[in-house]
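First the structure, in the form of structure tokens, and then the observations on it.
The values are calculated or read from the model by the stated rules, or taken from the named source; none is laboratory data. Just so we're clear, the structure is a prediction, and the values are computed from it rather than from any experiment. Don't worry about glycine lacking a Cβ; one is built from the backbone with ideal geometry, like all the others, and counts go over all protein chains shown. Accessible surface is based on the protein model in full, side chains and every heavy atom, while ligands, DNA and RNA are left aside. Shrake-Rupley method; radii C 1.70, N 1.55, O 1.52, S 1.80 Å.
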Amino acid sequence: MQIRGLVLGAAVMALTVSSASATMRISEDRGGQIGRYLQAYAAVRSSGENVVVDGSCLSACTLLLGVVPRERICATQNARFGFHAAWMPDHDGRPVTSPLGTQALWNIYPASVRRWIKQHGGLSRKMIYLHGRDLNGIVASCDRSPRSQTRSARRLAPDGRPKSGVWYGLNRWREEQITSGTRPTYGDLVRRFI
């Protein structure tokens, strides 16, 4: 009877861990209506799900950056975010810029994204793309080497000093997190490092 109880307990634990560490993958999302994306990302935020961006995330898809916590988002080398002003169809169905919608987008984006958008001409009818090295400091990389992670951590906190025995400590901490059923993110590692 005890063995059956242990097996049942292990199965319940496995189900709990798998749902808490679920990952949403975005690869070719062209965007759509702002409201639908806000609802979907609010559900992702409350689910605890992580998000991997592995391709284009355009238009309303970029609201991900302002709704889901930063430490639960990472981008592969294929990631590309595309930003533009919000628009609505006019009476003939042609797109017309929506100042109200554009302001709503602006208010949702975090400061680092707003700063990048300003540096690249602001939100207009023309799509601007955030990708490659420009992602550093805005979105964590899903596929970074330890050396690259160290450089990124120094960029985020230039005056920060690594703690003594940092690699041993980080690996031990990471193993403890995984053993306890928590899936540490790149952001967690950076905060622990600094």
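Table for the structure above
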item	result
Candidate set from the stretch 75-121 (those that are of a type outside the set (V, I, T), open to solvent by less than 30 Å² (accessible area, probe 1.4 Å) and assigned to a helix (DSSP H, G or I)); member that is farthest from D54 (Cα to Cα)	G101
Residues of the stretch 65-74 satisfying the condition of being closer than 14 Å to A104 by Cα and either open to solvent by less than 10 Å² (accessible area, probe 1.4 Å) or among the small types (G, A, S) (or both)	G66
Which listed residue, of R125, R161, is in a loop (DSSP other than H, G, I, E, B), in contact with a Phe, Trp or Tyr (Cβ under 9 Å, 6 or more places away or on another chain) and either charged (D, E, K, R) or at pLDDT 75 or above (or both)	R125
Condition check for V67: out of contact with any strand residue (DSSP E or B) (no Cβ under 7 Å at 6 or more places or on another chain) and of a type in the set (A, V, I, L, M)	yes
